[in-house]
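Q: Mind looking over this structure? Questions follow.
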Amino acid sequence: MIFYDNKISPCFTRLHAMIVEEDGAFTVSVRLLNHLKTDEYVWGQEIASTFEMASLIIGCMASDFSIGENCISIKIVMRRYRDGTVH
């Protein structure tokens, strides 16, 4: 995901992500925002083939924008095919 032009580097302080398993792949939805300037935010989605790749997307984004662990929230929705339930 590319959210910004290299000439302008926005300042984001929070990262909210959701990983949803569907149809054998993982949809990664992210929202980056600046909690001090509420009009500064971006969001997007990306498809990852594995859970590890989905986690890597989130980790790279946090690293790129220097967002600390305590400012990241991740929701994970997995399907357990064994018993037909969603977690």
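Q: Against the definition (more than 16 Å from Phe12 (Cβ to Cβ) and basic (Lys, Arg)), how does Arg31 come out, yes or no?
A: So Arg31 fails the test.
Q: Name every residue in the range 21-37 that is of a type in the set (A, V, I, L, M, F, W, C) and assigned to a loop (DSSP other than H, G, I, E, B), in order of residue number.
A: From the range 21-37, those of a type in the set (A, V, I, L, M, F, W, C) are 25-26, 28, 30, 32-33, 36; that's our starting set.
Leu36 - this is the single residue of the range 21-37 that is of a type in the set (A, V, I, L, M, F, W, C) and assigned to a loop (DSSP other than H, G, I, E, B).
Q: Follow-up. Give me the residue from the range 38-66 that is assigned to a loop (DSSP other than H, G, I, E, B) and either polar (S, T, N, Q) or in contact (Cβ under 8 Å) with a residue 12 or more places away in the chain (or both) and, out of that set, surrounded by the fewest Cβ atoms within 10 Å (Cβ to Cβ). Break it down into steps so the answer makes sense when it comes.
A: Keep residues of the range 38-66 that are assigned to a loop (DSSP other than H, G, I, E, B), which gives 38-40, 49-50, 65-66.
Now restrict to residues that are either polar (S, T, N, Q) or in contact (Cβ under 8 Å) with a residue 12 or more places away in the chain (or both): 38, 40, 49-50, 65-66.
Working: Thr38: 8, Glu40: 14, Ser49: 10, Thr50: 10, Phe65: 19, Ser66: 10.
Ranking the qualifying residues of the range 38-66, first place goes to Thr38.
Rule-based calculations on the coordinates, nothing more; no lab input. From a predicted model like this one, the values you see are computed outputs, not experimental measurements. When we count neighbours, we look across all protein chains shown, and the Cβ atoms used for this are built from the backbone with ideal geometry, even at glycine.
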